[in-house]
Amino acid sequence: MQNHKEEVGTKKNGFFKWLLYMIVTPALFAAVLFAIVFNALGYDVIGTVKEASKNIPFISSSEEANKKEASNASEASKLETKNQKQEEEIAKLKKDLEQKQADIRSLEVKLNRATSSADVAQNVEEEALAKTKGLVKKVTQSYEEMKPKQAAKIVQELPTEEAVKLLARLKPDVLAAILENIDSKQAATYTSLLTKEQTS
């Protein structure tokens, strides 16, 4: 039984070898030889074979399928490239947005610091102004409580500008009493400057 199988296998191999060596190989050789000869004579053998193959249903449909496949692959490649560019653009825009948000946060921090610094400065200024006003009020009260003669002596020792500012804050009756105890020339100067300060 085994010998019979081996004989059948050998016969099949022999037939295929015979077909290959006796028919297929000489036919291919003859076809190539004719193509070279006709090509040398000026006939477009390859173009004619291509045209003829378009009319054969299986070959023409496979060519169209190959073209469609190539077109689809090209289109897919273009879409993939476009998609990649869009993703890169989105990543870049996200990065820009994050940078701008960081800049905004930094500016907010600086603004808050500046605002708090300005508030502190304003508070200090207001406190200093309040202290100054309080001090001026106390000085004015102390001059109003002094005897006019004693107050007049101190006023005459002050620089003219400061003396005029002090006299401008006093009550009219206290002012009159102090001016009565000051040298007449100096009293006239003070009165003139006081008048100018009240009219300006």
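The values are calculated or read from the model by the stated rules, or taken from the named source; none is laboratory data. Keep in mind it's a predicted model, so treat the numbers as computed, not measured. Heads up, the Cβs are rebuilt from the backbone with ideal geometry, glycines too, and the neighbour counts pull from every protein chain shown.
Looking only at region 130-150, filter to residues that are of a type in the set (Ser, Thr, Tyr) and surrounded by 12 or more Cβ atoms within 10 Å (Cβ to Cβ); which one of those is nearest to Leu166 (Cα to Cα)? It comes out as Thr140.
Does Gly47 satisfy the criteria of being surrounded by fewer than 10 Cβ atoms within 10 Å (Cβ to Cβ) and at pLDDT below 80? Yes, satisfied.
Do you know which residues across region 156-192 are in a helix (DSSP H, G or I), surrounded by 16 or more Cβ atoms within 10 Å (Cβ to Cβ) and β-branched (Val, Ile, Thr)? Once the filter is applied, which keeps residues that are in a helix (DSSP H, G or I), surrounded by 16 or more Cβ atoms within 10 Å (Cβ to Cβ) and β-branched (Val, Ile, Thr), region 156-192 yields Val164, Val174, Ile178.
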